[in-house]
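The block underneath contains the structure these notes are about, expressed in structure tokens.
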Amino acid sequence: MSTMPLAITAAGPVGDAVDQLVSWLLTHGPALFSLIQGLVQGLASFFEALLAAPPAWMLALLVTVLGLWRVSAGFALFSLLGLNLVLFMGLWEPMIATLALVVTASLLALLIGLPIGVLAARQRTIWSLVRPVLDLMQTMPAFVYLIPAVMFFSTGQVPSVIATLIFSMPPVVRLTVLGIREVPADRLEAGLSFGCSPSQLLWKVQLPSALPTLMAGVNQTIMLSLSMVVIASMIGGGGLGDVVLRGIQQLNVGLGFEGGLAVVILAVILDRLTQSLATPPVKGLTERWRDWRRLWSD
Amino acid sequence: MPQIEISGLWKLFGRQPKLASDALKAGADPEQVQERYGCRAAVREVDLSIEAGEIFVVMGLSGSGKSTLLRMLNGLISPSAGKVIVEGQQLSALRPAQLRQLRRNTMAMVFQSFALLPGRSALENAAFGLEVGGVPRAQRLERARSALERVGLGGDLNKRPEELSGGMQQRVGLARALALNPPILLMDEAFSALDPLIRREMQDLLLDLQRDQRRTVVFISHDLDEAIRLGDRIALMQDGSVLQCGSSRELLCHPANERVRHFFRDVDASSVLSVDAIAVTAPWMVQQRDVDKLRDQPPHAGTGVAYVLDETQRFCGLMPAGGSFIPAEKVEQLTAGTSLKEAMEPIARTAHPVPVVSADGQLLGVLSSRQLLQAMVMA
């Protein structure tokens, strides 16, 4: 009876090729990688410093007011209580670190993904090139990105941001393409019949019409960033993922749960706030304030 | 020179439209081309010339190719073969930038589905064409405002399209076109999506606008009543070809073939025919200077009244034989262009045949109740 190998340790032929590509890049592109390293690190540090600058209560209040204005009184209350809970669990600093990484990675993903989406929506050939890459990016297990990220950028915040942005870019590209493609034909005809040039058609007709779908893509990208940033704690991304990872390593259920809870609170706040940005507020701030007071009087 | 001239226009849709149109341009037989390349002709061999200042209605059922034809007038669809000449410029010879200039300055389009842009107020929507054309903000908003006032939306400048009813949205659509002050308006079933009452209102508005300032209007419609009401001329389309082109009266009274007759089968002739078309020569006309001679004559055997004209053939009154002169102001008259429907009541009220006069008062003929009935039986 033949025995199965207990563990696969050597890569097959495809893996060898990828190994070679990676080592070629490592020997020929260090200048490029150190440039990217510097830029991403600078951006991440900037956001971390920015978010850590105001005291916790001020940031919590800001989120609450923003939630009251854009979402609902109930959401504002949830934000206030949730952020206080994070503070009470002593996880405020890790949460800020996670948030800074999410902001950095999402921003970069949007900066790269939106133009690609716009191009792919207008050029069928570009779309046919981009589409399989997106499929690959979405279906490849998230952990796989961590290995080359570590090889190119060592450990720390930079490889975490890079792995995260690759993982979180597909939705914004896809939904940008979808949004632009599904602009009703009569609106395009209206634009053209009034003499729009191709760029006027894009900026004045296609993008405004595609905005709701586009914002759904932005929201998806931010949410995926958050989930990946937590995983990226394994390569030294830090933040809340670190807390969860410590919980796993020490079999400390309580610690893991606290870290997870903080991630959930952050996720809900980010999700609702970014979703609300897609549409203009239904009610004014004064009306929301009345809702807020009604929460206590009823 | 006509403002828009279309000659030998074809549009083929199908699997290999490029090859098919090349073959057509090379002079191949259209029927063979359609079969060989698996194409369907949306527009076949259309020749039309549209004069400046007229409302030209292209009328046909859905699938007759009328919307495709309209879109070839501003180049949204390019023809498979044939020429479109707008104000002396052949569309297919224009470079993209020139075509854009033509669209910005010469022709504006109004859509069945309104096609307003979401997230813009009525005012910003109305200013869209001017914005695209690079008109400075303050100036374009001012022009958009006055266009909106012209279509009766002066009070809803800041509402968004989704806050407006269908009729109001189409007013914004119309204002968007009018703000450009184009010599040509292209209207693609512009009122078809509206309720009958609102549609009627919008038709009145369009006729009203035409009285203010005559533009060339190419109006697509599947509604025969609308076509008759608005059109100075109507081109009747079926299966991509024009069956007949002419005034509603020509189409009704002299249909080119059975299919045209079929279309007009249910049309109320009394609302299409006008009094000048069926008026007959007055049986007894006298010059003004001879009126006094009639006073002493015995009553005339025939109609009993004489129609009195001055030196320039203007109608100046009635003179019953043996009676006294009745000046024109006191006589029931019909002006040219009045429909038979509107003429019924005055004719029924009057004992003698009613005089039909032109806009400047010339006597064109007379119309008795008997002639009116005869005309309606025949139509």
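The values are calculated or read from the model by the stated rules, or taken from the named source; none is laboratory data. In this text, all values refer to a predicted model and were calculated from it rather than measured experimentally. All Cβ positions, even for glycine, are placed from backbone atoms using ideal geometry, and neighbour counts span all protein chains on display. For accessibility, only protein heavy atoms count, side chains too; no ligands or nucleic acids. Shrake-Rupley method; radii C 1.70, N 1.55, O 1.52, S 1.80 Å.
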Quiz item: What number of residues within segment B:86-111 are away from chain A (no Cβ under 12 Å), of a type in the set (A, V, I, L, M) and in a strand (DSSP E or B)?
Solution: 1
Quiz item: Can you pull out the residues in segment B:211-246 that are out of contact with any helix residue (DSSP H, G or I) (no Cβ under 9 Å at 6 or more places or on another chain) and polar (S, T, N, Q)?
Solution: B:Gln213, B:Thr216, B:Ser241
Exercise. Look at B:Thr350 and say whether it is out of contact with any His (no Cβ under 8 Å at 6 or more places or on another chain) and in contact (Cβ under 8 Å) with a residue 40 or more places away in the chain.
Key: no
Self-check item: Unique match (being open to solvent by 40 Å² or more (accessible area, probe 1.4 Å), in contact with a helix residue (DSSP H, G or I) (Cβ under 8 Å, 6 or more places away or on another chain), at negative phi and touching a residue at least 40 places away in the same chain (Cβ under 8 Å)) among A:Leu83, A:Leu87, A:Leu114, A:Leu91
Solution: A:Leu114
Self-check item: Condition broken by A:Val183, with the remaining ones in (1) crowded, with 16+ Cβ neighbours inside 10 Å; (2) hydrophobic (A, V, I, L, M, F, W, C); (3) part of a helix (DSSP H, G or I) satisfied
Solution: (3)
Quiz item: Checking B:Lys83 against (1) within 19 Å of B:Gln244 (Cα to Cα); (2) part of a strand (DSSP E or B), which single condition isn't satisfied?
Solution: (1)
Self-check item: Members of segment A:66-81 found to be within 15 Å of A:Gly284 (Cα to Cα) and touching a Leu at 6+ places or on another chain (Cβ under 9 Å), listed by number
Solution: A:Leu66, A:Gly67, A:Leu68, A:Trp69, A:Arg70, A:Val71, A:Ala73, A:Ala76
Quiz prompt | Qualifying position, being under 24 Å from A:Leu146 (Cβ atoms) and either assigned to a helix (DSSP H, G or I) or away from every other protein chain (no Cβ under 12 Å) (or both), among A:Gly254, A:Gly217, A:Gly237, A:Gly191 | solution = A:Gly237
Exercise. May I ask you to say which residue of A:Leu26, A:Leu77, A:Leu87 is within 30 Å of A:Gly217 (Cβ to Cβ) and of a type outside the set (Gly, Ala, Ser)?
Key: A:Leu77
Practice problem: Take segment A:117-136 and flag every residue that is open to solvent by 60 Å² or more (accessible area, probe 1.4 Å) and assigned to a helix (DSSP H, G or I). | Solution: A:Leu119, A:Arg122, A:Arg124, A:Thr125, A:Ser128, A:Leu129, A:Arg131, A:Pro132, A:Val133, A:Asp135, A:Leu136
Quiz item: From the list A:Leu207, A:Leu226, which residue is within 14 Å of chain B (Cβ to nearest Cβ) and either farther than 25 Å from A:Ala76 by Cβ or in a helix (DSSP H, G or I) (or both)?
Solution: A:Leu207
Practice problem: Pull up segment B:112-149, narrow it to residues that are under 16 Å from A:Leu201 (Cβ atoms) and in a loop (DSSP other than H, G, I, E, B), then point me to the one that is farthest from the other protein chains (Cβ to nearest Cβ). | Solution: B:Gly134
Quiz item: Within segment B:28-43, restricting attention to residues that are touching a Gly at 6+ places or on another chain (Cβ under 9 Å) and crowded, with 22+ Cβ neighbours inside 10 Å, which residue is nearest to B:Arg233 (Cα to Cα)?
Solution: B:Val43
Quiz item: Which of (1) polar (S, T, N, Q); (2) closer than 24 Å to A:Leu240 by Cα; (3) touching a helix residue (DSSP H, G or I) at 6+ places or on another chain (Cβ under 8 Å); (4) open to solvent by 30 Å² or more (accessible area, probe 1.4 Å) is the odd one out, the single condition A:Gln200 does not satisfy?
Solution: (2)
Quiz item: Regarding B:Asp296, is this residue within 15 Å of B:Ala321 (Cα to Cα) and either modelled with pLDDT of 80 or more or assigned to a loop (DSSP other than H, G, I, E, B) (or both)?
Solution: yes
Quiz item: Using beta carbons and a limit of 7 Å, which pairs, at least six apart or on different chains, have the first residue in segment B:68-79 and more than 10 Å from chain A (Cβ to nearest Cβ) and the second one outside any helix (DSSP H, G or I) and among the aromatic types (Phe, Trp, Tyr)?
Solution: B:Pro79/B:Trp10
Quiz item: Of the residues that sit in segment A:203-213 and are modelled with pLDDT of 90 or more, farther than 19 Å from B:Val135 by Cα and aliphatic (A, V, I, L, M), which one is surrounded by the fewest Cβ atoms within 10 Å (Cβ to Cβ)?
Solution: A:Leu207
